[in-house]
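Visitor: Sharing a structure here in structure tokens format.
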Amino acid sequence: MKGKVALVTGGGSGIGQAAAVLFARKGAKVAVADRNAEGGAETIAMVEAEGGEGRFFAVDVTDENQVAGLVASTVSEFGSLDCAFNNAGITHPSRLFHELTLDQWDEMIAVNLTSVFLCMKHEIIQMLAQDDGGAIVNTSSGAAIIPAPGQPHYTAAKRGVLGLTTYAADELNGKGIRVNAVCPGMIDTPMVASWRESSPEMAEAVVQMMPGGRLGLPEEVAAAAVWLCSDEARWVSGDTMVVDGGMLNR
Ligand SMILES: NC(=O)c1ccc[n+]([C@@H]2O[C@H](COP(=O)([O-])OP(=O)(O)OC[C@H]3O[C@@H](n4cnc5c(N)ncnc54)[C@H](O)[C@@H]3O)[C@@H](O)[C@H]2O)c1
């Protein structure tokens with residue numbers, strides 16, 4: 001990663017924060033994008049504590065102008081865009097399919113799917129224009145493979161992310177740009193903490209079903225994403241890496 005520039009969306013918390021820190025530890029300069037400025041500042045402090053160089057950009061990834069500006073600012077700050085981890089996302093409280101409103105659907109699709117399209121579009125424009133291409137990793141979910149109960153729109157959005165990933169990997173094949181996805185299982189981040197607080201008994205039952213009786217760690221997903229961005233993964237494209245401790249395989 002030495003000399004490379006990595007962009008991480010949703011870098012102000014959880015999996016994105018762990019990935020920003022790992023990119024920095026491995027020598028990359030890191031652009032951290034999030035709509036949460038407090039979390040973003042915390043991540044930059046963690047990057048700098050690793051001896052790394054990072055810059056926070058306050059961005060709503062559902063807005064195309066802001067996304068285009070994010071890519072342009074990253075390149076003007078650091079000189080290129082070599083690795084992109086499109087990871088920002090949300091969940092909603094569980095609800096049945098027929099109770100889902102159009103507003104809830106629209107918000108979920110905007111944040112968890114349209115944002116990935118927008119980020120990929122502007123990252124690809126930049127990566128095609130530079131000599132060394134680049135690597136993109138999108139955060140999908142185990143819910144894209146086995147539907148998450150109470151999350152019809154989340155399941156659909158995350159499956160859409162896999163569609164964007166495999167489509168783009170094929171179109172960019174031979175053009176120096178690789179595109180892959182990670183599918184985390186249940187990972188111990190603020191996103192899951194709020195769900196655990198709202199339904200503690202159900203959450204505990206789910207945790208007990210997990211291999212080893214524990215949640216995954218953000219660092220365990222970050223390790224997969226950073227590896228997929230690295231030159232060690234140069235022959236890997238269009239892949240979906242499930243990072244769930246073996247849960248889906250049970
Ligand atoms: N935690 C899990 O168990 C789990 C499992 C599968 C997939 N995922 C996915 O992993 C990704 C990261 O989740 P996490 O668990 O680290 O959650 P998190 O809530 O800790 O972090 C998500 C970050 O995304 C940011 N974000 C949300 N909407 C945004 C927007 N419109 N613009 C900019 N930033 C925005 C938030 O501010 C937050 O900092 C998400 O895409 C999530 O769907 C998480």
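Visitor: Kindly state which strands (runs of 3 or more DSSP E) lie completely within segment 1-101 and contain at least 1 residues that are touching a residue at least 60 places away in the same chain (Cβ under 8 Å) and more than 14 Å from the ligand (Cβ to nearest atom). Outline the logic, then answer.
Guide: Numbers: elements: 5-9, 29-34, 54-58, 83-86.
Where strands (runs of 3 or more DSSP E) fall fully within segment 1-101 and carry at least 1 residues being touching a residue at least 60 places away in the same chain (Cβ under 8 Å) and more than 14 Å from the ligand (Cβ to nearest atom), they are 5-9, 83-86.
Visitor: For segment 125-176, what are the residues that are free of Cβ contacts under 8 Å to residues at least 24 places away in the same chain and more than 25 Å from Ile90 (Cα to Cα)?
Guide: Ala129, Asp131, Glu171, Gly174 - these are the residues of segment 125-176 that are free of Cβ contacts under 8 Å to residues at least 24 places away in the same chain and more than 25 Å from Ile90 (Cα to Cα).
Visitor: So, one more: Please go through segment 175-209 and pick out each residue that is within 13 Å of the ligand (Cβ to nearest atom), of a type in the set (Gly, Ala, Ser) and not in a helix (DSSP H, G or I).
Guide: Result: Ala181, Gly185.
Visitor: If you don't mind, there's one more thing I want to ask. Suppose we filter segment 145-174 for residues that are in a helix (DSSP H, G or I) and either among the polar types (S, T, N, Q) or within 16 Å of the ligand (Cβ to nearest atom) (or both); how many remain?
Guide: 15
Visitor: Suppose we keep only residues that are part of a helix (DSSP H, G or I) and more than 14 Å from the chain's Cα centre (by Cα) within segment 124-142. Which one would you say is farthest from Cys183 (Cα to Cα)?
Guide: Once the filter is applied, the top-ranked residue is Ala129.
Visitor: Collect the residues in segment 127-141 that are buried (at least 19 other Cβ atoms within 10 Å of the Cβ) and not β-branched (Val, Ile, Thr), keeping them in residue-number order.
Guide: Of everything in segment 127-141, those that are buried (at least 19 other Cβ atoms within 10 Å of the Cβ) and not β-branched (Val, Ile, Thr) turn out to be Met127, Gly134, Ala135, Asn138, Ser140, Ser141.
Visitor: When you go through Glu201, Glu197, Glu232 one by one, which is the residue that is within 26 Å of Gly133 (Cα to Cα), surrounded by fewer than 16 Cβ atoms within 10 Å (Cβ to Cβ), without any contact (Cβ under 8 Å) to a residue 40 or more places away in the chain and more than 13 Å from the chain's Cα centre (by Cα)?
Guide: Glu232
Visitor: Quick one: is Val221 touching a strand residue (DSSP E or B) at 6+ places or on another chain (Cβ under 8 Å) and under 15 Å from Gln17 (Cβ atoms)?
Guide: Yes; evaluated as a whole, the condition is true for this residue.
Any read-out appearing in this document is the output of simple, stated calculations on the displayed coordinates, not a laboratory observation. Because the structure is predicted, anything quoted here is derived from the model rather than measured. With ideal geometry, Cβ positions are generated from the backbone for all residues, glycine too; neighbour counts draw on all protein chains shown.
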